[in-house]
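Heads up, the thing below is written out as structure tokens.
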Amino acid sequence: MYFAIDPGNRESAYVLADRNLRPLEFGKEDNETVKDVIKTMSYEHFAIEMVASYGMAVGRDVFDTCVWIGRFCEVAIEKGIKPIKVYRKDVKMNLCHSMKAKDGNIMQALIDRFAYGARNHGKGTKDNPTQFYGFRADIWQAYAVCVTYHDLYIMKQEGCIQ
């Protein structure tokens, strides 16, 4: 099982996915709630998007997000799970093969890979839900972190990619 987070300064999105990358649970909650979710969920792998400096000035929100990244990682470590930090540039290159990719491009890449041809951006309908039913906002980005972790770390470890 994979647990991945798109962290924020007040709220964070998370996805719990199985070995086949099928989302089992997900949400966007205040950070204290996400911290509790990390403690209670059962998973073997923990990935979190990490902040990186690209030379631009940043504000307080970015630093607050960094504090939460550390707090989330600490909870995973207490469970005996090594946190892996996934950078945004790796997500963009893995899913879109371009550093110019935006959130919409990443979302479309996920739809094309996991729900090609499904209605309503891969969400389906209430009566016929598909892979991404219930996904909204930053949950897409948390799932992108999960998929990138799987592709770059797990598949490489298993010798599936060079």
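Computed values, structure above
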item	result
Strands (runs of 3 or more DSSP E) wholly inside the stretch 1-80 that include at least 2 residues being among the β-branched types (Val, Ile, Thr) and under 23 Å from His150 (Cβ atoms)	none
Filter pass, Asp112 being without any contact (Cβ under 8 Å) to a residue 60 or more places away in the chain, surrounded by fewer than 17 Cβ atoms within 10 Å (Cβ to Cβ), under 27 Å from Asp30 (Cα atoms) and among the charged types (D, E, K, R)	no
Residues being surrounded by 11 or more Cβ atoms within 10 Å (Cβ to Cβ) and closer than 24 Å to Lys92 by Cα - total across the stretch 30-60	8
Test: residue in the stretch 52-60 that is at pLDDT below 95, farther than 21 Å from Gly134 by Cβ and of a type in the set (Phe, Trp, Tyr)	yes
Which listed residue is farther than 20 Å from Val34 by Cα and touching a Phe, Trp or Tyr at 6+ places or on another chain (Cβ under 8 Å), from Gly117, Gly124, Gly134	Gly124
Helices (runs of 4 or more DSSP H) lying entirely in the stretch 86-162 (those with 1 or more residues that are over 23 Å from Pro7 (Cβ atoms))	103-114, 119-122
Cβ pairs under 6 Å, 6+ apart, first in the stretch 9-23 and over 13 Å from Phe114 (Cβ atoms), second of a type in the set (A, V, I, L, M) and part of a strand (DSSP E or B)	Ser12/Ile5; Tyr14/Ile5; Leu16/Leu24
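Residue-wise test of (1) hydrophobic (A, V, I, L, M, F, W, C); (2) within 17 Å of Pro23 (Cα to Cα).
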{"position": "Cys66", "(1), (2)": "yes, no"}
{"position": "Ile77", "(1), (2)": "yes, no"}
{"position": "Lys82", "(1), (2)": "no, no"}
{"position": "Lys89", "(1), (2)": "no, no"}
{"position": "Lys92", "(1), (2)": "no, no"}
{"position": "Asp103", "(1), (2)": "no, no"}
{"position": "Arg113", "(1), (2)": "no, yes"}
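The values are calculated or read from the model by the stated rules, or taken from the named source; none is laboratory data. These numbers were taken from a predicted model, which means no experiment stands behind them. Using ideal geometry, Cβ is built from the backbone for each residue, glycine included, and neighbour counts are taken over all protein chains shown.
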